[in-house]
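*Asks:* First, the structure itself, so that you have it in front of you.
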Amino acid sequence: MVKYDKLITYAYMKDECDLPVHLPDIELETKIYRAQQTLRMLMCEAFYFDLIDKFIHSDTVPLTSEYAALMPYVKQYLAWQAHEYWIIRANFKYTLSGVRVHTEPNSTAATDVQMGILIKDAKYQAEYYKRLLVSYIRENSSIYPLYCNCGAGSVGNTFHVSSVRNKYQEPQPHGAGSFKNCNCND
């Protein structure tokens, strides 16, 4: 991902998530990228790339009112999702000799219990902003014609695989236009 493709800045993420301003930007780079990939899944390909295109060119062509109204939800979601990815590895640093626990002379690393509490809180925050974003898009889906429900059902931190076949061909849980009838990838 090229730097100008980011929908949030490092400064925005640090401010929104109350991270230290002296935190090196490079530590947030892949976390923001991963957050944007989950946004891509939630919004569907065409909607996501349309948003990226409009955002990149917003210095010459202002965002439409629809996209301007959407951006606060997108930015908060991205910041908190990236924060969730960051906090999981906050105590660790990758070195040539493997993963090391980060320590400083005047402090100690958080314990497993303390990190567990921080990680759980970060997951709840990311989930909250994900639900806000998806709820806003669904409530205003008439003004976002490129939106489809394919990935939006993926709100939550759960996942399962089932070998049970749907022999009664029940309707898809995310409504018309989802899964096999979806035109997201067309």
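The values are calculated or read from the model by the stated rules, or taken from the named source; none is laboratory data. What you see is a predicted model; the values in this text were computed from it and never measured. Cβ atoms come from the backbone with ideal geometry, glycine included; neighbour counts cover every protein chain shown.
*Asks:* Among the numbered conditions (1) among the hydroxyl-bearing types (Ser, Thr, Tyr); (2) over 14 Å from the mean Cα position of the chain (by Cα); (3) closer than 19 Å to Leu132 by Cα, tell me where Thr64 comes up short.
*Replies:* For Thr64, the failing item is (3).
*Asks:* Considering only residues that are of a type in the set (Asp, Glu), more than 19 Å from Glu27 (Cβ to Cβ) and under 13 Å from the mean Cα position of the chain (by Cα), which ones fall in segment 82-141?
*Replies:* Glu127, the sole residue that qualifies.
*Asks:* Here's something else I'd like to know. Do you know which residues across segment 39-58 are of a type in the set (Ser, Thr, Tyr) and buried (at least 19 other Cβ atoms within 10 Å of the Cβ)?
*Replies:* Listed by number, the list holds a single entry, Tyr48.
*Asks:* If Lys14 passes every condition in (1) surrounded by fewer than 17 Cβ atoms within 10 Å (Cβ to Cβ); (2) free of Cβ contacts under 8 Å to residues at least 24 places away in the same chain but one, which one does it miss?
*Replies:* So Lys14 meets the others, but not (1).
*Asks:* Counting only residues that are more than 20 Å from Leu19 (Cβ to Cβ), small (Gly, Ala, Ser) and surrounded by 12 or more Cβ atoms within 10 Å (Cβ to Cβ), how many does segment 59-87 have?
*Replies:* 2
*Asks:* Next question. Collect the residues in segment 21-39 that are aliphatic (A, V, I, L, M) and not in a loop (DSSP other than H, G, I, E, B), keeping them in residue-number order.
*Replies:* Ile26, Leu28, Ile32, Ala35, Leu39
Here's the yes/no breakdown for (1) at pLDDT 95 or above; (2) hydrophobic (A, V, I, L, M, F, W, C):
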site: Thr64; (1), (2): no, no
site: Ala68; (1), (2): no, yes
site: Pro72; (1), (2): yes, no
site: Leu78; (1), (2): yes, yes
site: Ile87; (1), (2): no, yes
site: Val99; (1), (2): no, yes
site: Asn106; (1), (2): no, no
site: Leu118; (1), (2): no, yes
site: Glu127; (1), (2): yes, no
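*Asks:* Within segment 71-108, restricting attention to residues that are of a type in the set (A, V, I, L, M, F, W, C) and assigned to a loop (DSSP other than H, G, I, E, B), which residue is farthest from Leu42 (Cα to Cα)?
*Replies:* Filtering segment 71-108 for residues that are of a type in the set (A, V, I, L, M, F, W, C) and assigned to a loop (DSSP other than H, G, I, E, B), the one farthest from Leu42 (Cα to Cα) comes out as Leu96.
*Asks:* Another one. Just to be sure, is Phe55 aromatic (Phe, Trp, Tyr) and in contact with a strand residue (DSSP E or B) (Cβ under 9 Å, 6 or more places away or on another chain)?
*Replies:* In short, no.
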